[in-house]
Amino acid sequence: MRLMFRCLEALPRALLVPIARLVALYFLVSGRRAREASFDYLRRVANALPGSGVRSNLLWSYRHFAAFSDSILDKFDAWMGRLGRSDVVFDDRGEYEVLIASGRGALIFASHLGNIEVCRALGSLDRKIKINALVHTRHAEKINRLLGEAGAEGFKLWQVTDIDAATALALRERVDQGEWVVIAADRSPVHGGRTVTVNLLGAPAPLPIGPYVLASVLGCQVHLMFCLRRGGRNHIYVEPFASQIAWRRRERDAAIADQAQRFARRLEHYVALEPLQWFNFYKFWCTPQAGRADTASDPVRIEGR
């Protein structure tokens, strides 16, 4: 990553794009699991969204990998503070302004569709925002230092493979101070944590329950945020999801299942806008089990209690 930062500082993006495309081709050829995951995802999009024109073949898979390589360059631009307001378009800036004007902290549900790093760059574009991004990596502190070297402001990574009481309390304090906490609501737990199964693109898929549990602990407003690259610019979509997520003890599972399915429906909506910008290159959907088909009729349920 440090080397990539230096290359971006020294070389214009126009020279890096063909290099990134070659890297994408290399991983398409050598990364069997990622390639198979791409094919599986493209097949599901083709079946669930026939109007998208997507096909599950080698050409479309390369386009999928190439879109990811382009997003890597966008990530570094965002981290290095090289994105200006002209590079970002709000399709509903009114909702964003309402969120900013409230001065209240918020929990932001993001995803691996599009480029969430551009949303995180809002901390540099708008000095009123301080963003805390929760990530599944043991290298969060090293990346924080690297972001500091790159000049990133208003942005902090938190390593959340395991959220303990101390972390939850620290995040609650940040929210109380008017800061945002961003968490990917579509990332399956790293070490087999609890999930809820939802219908996504016509088939059962596991989503983590962590974002909803965290929302109940923080007791704050929840918004959805997506960033899709369209027409050469980064389009940011912000929409309210819940004023607060809470439940009675006996209603916990049903409440989480309902919220997760609501998120899945909105995720599908944005997938339909830019299907090649889904960047989960691993086996995402549930594996059919004995006596259970991989169909859309499966009920929503909580796993791994």
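No lab work stands behind these numbers, since they all come straight from the coordinates. Owing to the predicted nature of the structure, the values given are computational and were not obtained by experimental measurement. Glycine also receives a Cβ, built like all others from the backbone with ideal geometry; neighbour counts cover every protein chain displayed.
A few remarks follow.
- Residues whose placed amide H lies under 5 Å from that of R230, excluding near-sequence neighbours: H235
- Between the amide H of V198 and those of A205, L207, distances stay under 5 Å, these residues lying 5 or more places away or on another chain, with hydrogens modeled in the peptide plane.
- In sequence order, segment 40-57 has phi-based couplings of 5, 5, 4, 4, 5, 5, 4, 6, 7, 10, x, x, 6, x, 5, 10, 9, 8 Hz under the Karplus curve 6.51 cos²θ - 1.76 cosθ + 1.60, θ = phi - 60°, and Gly or Pro positions carry x.
- Annotation: amide H-H contacts under 5 Å for W278 (H modelled 1.01 Å from N, sequence separation of 5 or more, or interchain): G114.
- The value given for segment 30-97 is a Kirkwood hydrodynamic radius of 14.5 Å, derived from the mean inverse Cα-Cα separation.
- Taking θ as phi - 60° and the Karplus parameters 6.51, -1.76 and 1.60, the scalar couplings of segment 200-215 work out to 9, 6, x, 8, x, 9, x, 10, x, 8, x, x, 6, 5, 4, 4 Hz in sequence order, x denoting glycine and proline.
- Cβ-defined net charge surrounding N57, 12 Å radius [Lys, Arg +1; Asp, Glu -1]: +4
- Per-peptide average of other Cβ atoms within 10 Å, ordering 7-13, 36-42, 261-267 highest first: 36-42, 261-267, 7-13
- Applying the Karplus relation 6.51 cos²θ - 1.76 cosθ + 1.60 with θ = phi - 60° to segment 6-13 yields 3J(HN,Hα) values of 5, 5, 5, 5, 8, 10, x, 4 Hz, where x marks Gly and Pro.
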